[in-house]
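Colleague: Quick one: the structure is below, and I'll ask about it shortly.
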Amino acid sequence: MCRDHLESYTSDYTMQVLMCYFTVYIFMQTFMIPGTVFMSLLAGALFGVAGGMVLVIVAATAGASSCFFLSKMIGRPLVFSLWPDKLTFFQAQVAKRRAKLFNYMLFLRVTPTLPNTFINMASPIVNVPYRVFFLATSIGLIPAAYVTVRAGTALGELKSVADLYDFQSIATLFFIGIVTLTPTFLSKGQK
C-alpha cells in the first residue's frame with residue numbers, strides 16, 4: 001500500500017523526487033550519515049534496476065567526491081583521531097601501490113575490506129589523486145549498487161538488511177575484487 005503511494009507520487013512529481021533524492025543522498029554521503037543503503041533500496045523500489053542504478057551511482061559518486069573535498073579542506077584532524085591505525089595501514093598500502101593505484105582503489109571499492117566512509121575521508125589525506133578516486137569510485141560502486149538496487153525492487157519481501165548480502169552476493173563482490181587486482185599481480189610477475 002505504501003509502495004503504491006510512493007510510486008504514484010514519484011510518477012506525478014518525478015523531478016521533485018529526483019532532486020530530493022539526490023540532495024538527501026549526497027548530504028548523507030558527504031557528512032558520513034549512515035543509511036545510504038536504504039536510499040539505494042528506495043531507488044530500486046521507485047525507479048527499477050536500470051534507473052535506480054544510474055541514480056545511485058551518480059549520487060554516491062557525487063557524495064563521495066564531496067566528502068573527499070571536505071576532508072581535504074578540514075578533515076585531517078578528524079581522520080587522524082577516528083582511525084589512526086587504519087590510516088597508517090592505508091597510507092602504507094597507497095605508497096606501496098602507487099604505480100597501480102587505480103587497481104587498488106577499485107579493489108577497495110568493490111570489496112568490503114575498508115569502509116567506504118573511511119576511503120572517502122582518508123584518500124585525500126594519503127594523497128590519492130582525485131582523478132583516480134573518482135574513476136575507482138564510479139566503477140567500483142557498480143556491483144554493490146546493483147545488489148542493493150535489485151533488492152529494492154523486491155522491497156516488500158525483505159525482512160532485514162542482512163537479506164541483501166547473501167553468500168552469493170558477497171562471493172561475487174570478492175571475485176570482482178580479485179579480478180580488479182589481476183593486472184597488479186601480472187605486472188609483478190613480469191618484473
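None of the figures in this text is laboratory data; all of them are computed from the coordinates on show. The structure presented is a predicted model; accordingly, all values stated were derived computationally and were not measured. Every residue, glycine among them, receives a Cβ derived from its backbone with ideal geometry; neighbour counts consider all protein chains shown.
Colleague: Would you mind getting me the FRET efficiency between TYR130 and ILE170? Use the beta-carbon distance for r and R0 = 22 Å, nearest 0.05.
Modeller: So the FRET efficiency works out to roughly 0.15.
Colleague: Which distance in nm do the two modelled labels at ALA95 and PHE38 give, with both placed 7 Å along the Cα-to-Cβ direction?
Modeller: Placing both labels 7 Å beyond Cα along the Cβ direction yields 4.1 nm.
Colleague: For region 98-151, which chymotrypsin sites (Phe, Trp or Tyr not before Pro) are in a loop by DSSP, counting at most 14 other Cβ atoms within 10 Å?
Modeller: Answer in residue order: no site qualifies.
Colleague: Return a whole-number percent for the relative contact order of the chain, with Cα pairs under 8 Å and 6 or more residues apart as the contact set.
Modeller: 28 percent
Colleague: At a 10 Å Cβ-Cβ cut-off, how would you order VAL54, VAL149, VAL94, fewest neighbours first?
Modeller: Neighbour counts put them in this order, fewest first: VAL54, VAL94, VAL149.
Colleague: Using a basic spin-label model with each label point 7 Å from the Cα along Cα→Cβ, how many nm lie between LEU18 and SER81?
Modeller: According to this spin-label approximation, the distance is 4.0 nm.
Colleague: Let me ask you something else. Run the dipole for the chain about the Cα centre, Lys and Arg Cβ at +1, Asp and Glu Cβ at -1, nothing else charged, and hand back the magnitude in debye, nearest 20.
Modeller: 1180 debye
Colleague: Here is a follow-up. Enter the Cα centre distance for the pair region 1-49 and region 59-133, rounded to the nearest angstrom.
Modeller: Region 1-49 and region 59-133 have Cα centres spaced 26 Å from each other.
Colleague: Could I ask something else about it? Of GLN168, GLY75, PRO115, which is farthest towards the positive pole of the chain's charge dipole, taken about the Cα centre with +1 and -1 on the beta-carbons of Lys, Arg and Asp, Glu respectively?
Modeller: Final value for the positive-end residue is GLY75.
Colleague: Scan region 17-65 for chymotrypsin sites (Phe, Trp or Tyr not before Pro) in coil per DSSP, keeping those whose Cβ has at most 12 other Cβ atoms within 10 Å, and list them by number.
Modeller: PHE31
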